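Below is one structure, written out as structure tokens; the observations come after it.
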Amino acid sequence: MKKRYWLIGIFIGLFILLYCLKLYTTKDSVKCPEFNKSYSEWFPYNEGDILTFKHSDSIQEYIVSTYNVRNTKSYNRNMKCGCCEDGIVIYLTQKRDTIKIDFNNFINPNSCMGSTRFISRNGKDINVKATQIQKELDLTQISSDSLIIEKSIGIKQLFWRGKLWEFESIKKSKTDIKIISINGC
């Protein structure tokens, strides 16, 4: 009989311990804001879209082969690596050219990692700069050594093989943007 009471006491104690642990972990959970829609203002693309650029009488077409969105839903306040982070990775491909655009925490005041903008072409990083000395919120154009990105248009100009290619049109696919949600680190 004493053994049964002893086991019931252990189960009750274990239940109370698990309940307190649940309260402790959910109390310290930080909910992050929804995904920042300003990325789609800068890059009005979807995976599968075809971007057409024109130079004189020549045309170059790039396919948006990858458009990944990362967004942290929540993190535990007690973890040293917890932050509300977001970002996008876009790959534009064609026969002899691949452009990778990687923006992280663009206009994200909740980030502890800071804002970064990386652009690479055929695996080589290219210099990215804002054309205006303004806060990110006020930017309308971002340029690099080989392209100009404009808000609401996306890539406006490409410099490729000594020629300037102007954005002409976009053929939209029916694919929606995929948001990869992460929790914690």
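Strands (runs of 3 or more DSSP E) wholly in region 80-185 with at least 3 residues that are open to solvent by 30 Å² or more (accessible area, probe 1.4 Å) and at pLDDT below 85 - which ones?
Fully inside region 80-185 and qualifying: 116-121, 124-126, 128-130, 178-183.
When you check Arg70 against the structure, is it touching a residue at least 40 places away in the same chain (Cβ under 8 Å), under 23 Å from Lys174 (Cα atoms), among the basic types (Lys, Arg) and open to solvent by 30 Å² or more (accessible area, probe 1.4 Å), yes or no? In short, yes. Whenever a residue of region 22-49 is farther than 22 Å from Glu61 by Cβ and open to solvent by 30 Å² or more (accessible area, probe 1.4 Å), it has no partner that is aliphatic (A, V, I, L, M) and at pLDDT 75 or above lying with C-beta atoms less than 7 angstrom away and at least six residues away or across chains. Here is the figure for region 19-31: residues that are of a type in the set (A, V, I, L, M) and at pLDDT 75 or above total 1.
The values are calculated or read from the model by the stated rules, or taken from the named source; none is laboratory data. On a predicted model such as this, the values are computed, not experimentally measured, just so you know. Cβ sites come from the backbone with ideal geometry, for glycine too, and all protein chains shown count toward neighbours. Side chains are part of the model used for accessible areas, which takes the heavy atoms of the whole protein and leaves out ligands, DNA and RNA. Shrake-Rupley method; radii C 1.70, N 1.55, O 1.52, S 1.80 Å.
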